[in-house]
Amino acid sequence: MSVTTTSAPAPTPAPGGTVRQSVRRGRFWIVLGVILIGVVVIMLVLRGGAPEAGTPLAADNPAPQGGKAVAQVLSRHGVQVHIARSLKSATAQSTGATVLLYDPNGYLDDEQLRGLGEAAGALVVVEPGFETLRALVPGLRLAGTPRSGGFTARCTQRAAVRAGSISAATAAYRPSNASQIGCFPTGDGAYAMVVSHTTAGTVTVLGSRAVFANESVIRRGNAALALGVLGQRADLVWYLPTASDVAASGPPSLAQLTPGWVTPAVLLLLAVFVAAAVWRGRRFGPLVIENLPVVVRAEETMEGRSRLYQRSSARLRALDALRIGSTGRIAALAGLPSNAGIVTVASAAATLTARSPAEVERILVNAAPHSDRELMGLARELDALEAAVRSATRSATGSGTDQPNGRMAQ
C-alpha cells in the first residue's frame, strides 16, 4: 500500500526578498556603475569642473579666464592692440612691436618659435613649456610649480618694481647665465618671471597666467605688471596659437587627433575591468579524485534545481517541471500509454474526478503564475488533482468496475 505524503507549503517570501535578490544579482553592475561615476567625477575635478567659457587669455574674451580687461586698458592708454589669428598674421605685425605669446598646447615648433622671436621687438611668453623655452630662451630651465602664492619683486626691472608683488604663479624658472634676470623669487634659485636679453630683442618669460586674466588682474600688483610688460611699445600683437598653426608634413596621427584625457581614461577603465575580472572570476581549486559513479540524493538535486529557479524567478519553468511529473503519474493511474497527449490525460482526469475538462487543462497547461503566491497556489491545485485521480482509481479498483480506459482492474 502506497502512502502519499504532501510536503508542507513553503512560506510566502517577504516583499523585500525579491528586491534583495535583484540587488544581489545585479551587484556587479551596480559596483561597476559606481566606479564609472567616480571616474567621471575625478576627471571633472582634475579638469577644473565645468569647461571655461571662451578661449583662456584671449584679448576679446570677457569671461573670468579671458584677457579683455588688460587689452582695453592698454588701448585707452595709446597702445595699438592687434589680435593675431594665425602665425602668419602675428609675424607680419610683430616688427618693432611687443608680442604676447600664450601657447599652452604647444602648437608651434622650434622653427616657428624662433622665427616669431626674431621678428618681434619684444616678446612676452606666458607659462611656456620645455620646448618653448628651449627654442626662445636656451639655458632657462623649468623649476616646477611654486608651493605658495604672493611673490614680491626683488629685481631692478621697471615693470616688476612698479608692480611690487603678484598674487600667484603656476610655474617657476631657473636662470643659467647673467643675461637672464629673475624677478619674483619663489625659492631655491627659481623665479616666477625671467627677463632675457638676446641679440634679437628682449624675451620676458612669465609663469603666471593670473597676471593677465580678468578675474585676477586687480589682485596685488598684477595689473601694474601686465601693463608694464605689454605696454613697452606703441604696438602690441596679442597672439594665441591654434591648431591651424601646426606645421603638418602629412596627415595627423591617431595620437595627435586623440584628446589628452582619452589615454588615461582608457587605462583607468582597463584597470577597472581587470579588477572586476579578478573580483568576479571563478578560481578552480585543486583536482579531487573521486570514485565514480557518484550517488547524488534526489532531495539534493530537487533542492538545487528549486534554488536555481528561485534565483532566476523562473516560476513557469518550475511549475512546468511539477506538471510534467504529475501528468505522467495521472496518465499511469488512468491506464493511459506514456505517449498520451495532454488533452487525453486532462480528459481522463476530468472524467475520474468529475471536473470540467477546462478546469483540468487550466491546472495542467494553461495557467501561468505571475508571483510566488500564485505559483504555490497552482502547485497545491496540481497536488490536489493528482490526489483526486489517485483516490478515484483506487476506489474503482476496489469495487471491481471497469477503469475509464475500458480495462478491467487487475
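Among 76-84, 181-189, the peptide with the highest mean count of other Cβ atoms within 10 Å heads the list, and the full ranking is 181-189, 76-84.
Net charge in the neighbourhood of Pro175 (other residues with Cβ under 13 Å of its Cβ; Lys, Arg +1, Asp, Glu -1) is +1. Note on Leu254 and Phe28: their simple-model spin labels are 2.8 nm apart, each label 7 Å out from Cα toward Cβ. Using the average count of surrounding beta-carbon atoms within 10 Å as a protection proxy, the listed peptides 303-311, 220-228 rank, highest first, as 220-228, 303-311. When nucleic acids and ligands are ignored and a 1.4 Å probe is applied, Met302 ends up with an accessible area of around 130 Å².
Note on the stretch 116-180: semi-axes of the ellipsoid equivalent to its C-alpha gyration tensor, largest first and rounded to whole Å, are 21, 16, 12.
Below 12 angstrom from the Cβ of Tyr107, what's the summed charge of the other residues (Lys, Arg +1; Asp, Glu -1)?
Numbers: positive: none; negative: Asp103, Asp109, Glu131, Asp245.
That works out to -4.
In this structure the amide hydrogen of Ser165, modeled in the peptide plane, comes within under 5 Å of the amide hydrogens of Ala153, Gly221, none closer than 5 places in sequence on its chain.
If R0 is 56 Å, the Cβ-Cβ spacing of Val41 and Arg394 corresponds to a FRET efficiency of close to 0.20. Accessible area per residue was computed with a 1.4 Å probe on protein heavy atoms; Leu269 scores about 80 Å².
Eigenvalues of the alpha-carbon gyration tensor of the stretch 110-248, scaled by 5 and square-rooted, set the equivalent ellipsoid semi-axes at 22, 17, 15 angstrom, largest first.
Summarising the amide proton neighbourhood of Asn61: residues at separation of 5 or more, or on other chains, whose placed amide H is nearer than 5 Å comprise Gly67, Lys68. On the beta carbon distance between Ser313 and Asn105, with R0 = 51 Å, the FRET formula returns roughly 0.40. Against the compact-protein benchmark of 2.2 N^0.38 Å, the Cα-based radius of gyration of the stretch 161-210 scales to 1.12.
Expressed as a whole percent, the accessible area of the stretch 76-115 that falls on carbon and sulfur atoms is 47 (1.4 Å probe). Computed over the stretch 46-198, the quotient of the alpha carbon radius of gyration and 2.2 N^0.38 Å is 1.07.
The values are calculated or read from the model by the stated rules, or taken from the named source; none is laboratory data. As the structure is a prediction and not an experimental result, all values here were calculated from the model. No Cβ is skipped: glycine too gets one built from the backbone with ideal geometry, and neighbour counts run over all protein chains shown. Ligands, DNA and RNA are excluded from the accessible area calculation, which covers all protein heavy atoms including side chains. Shrake-Rupley method; radii C 1.70, N 1.55, O 1.52, S 1.80 Å.
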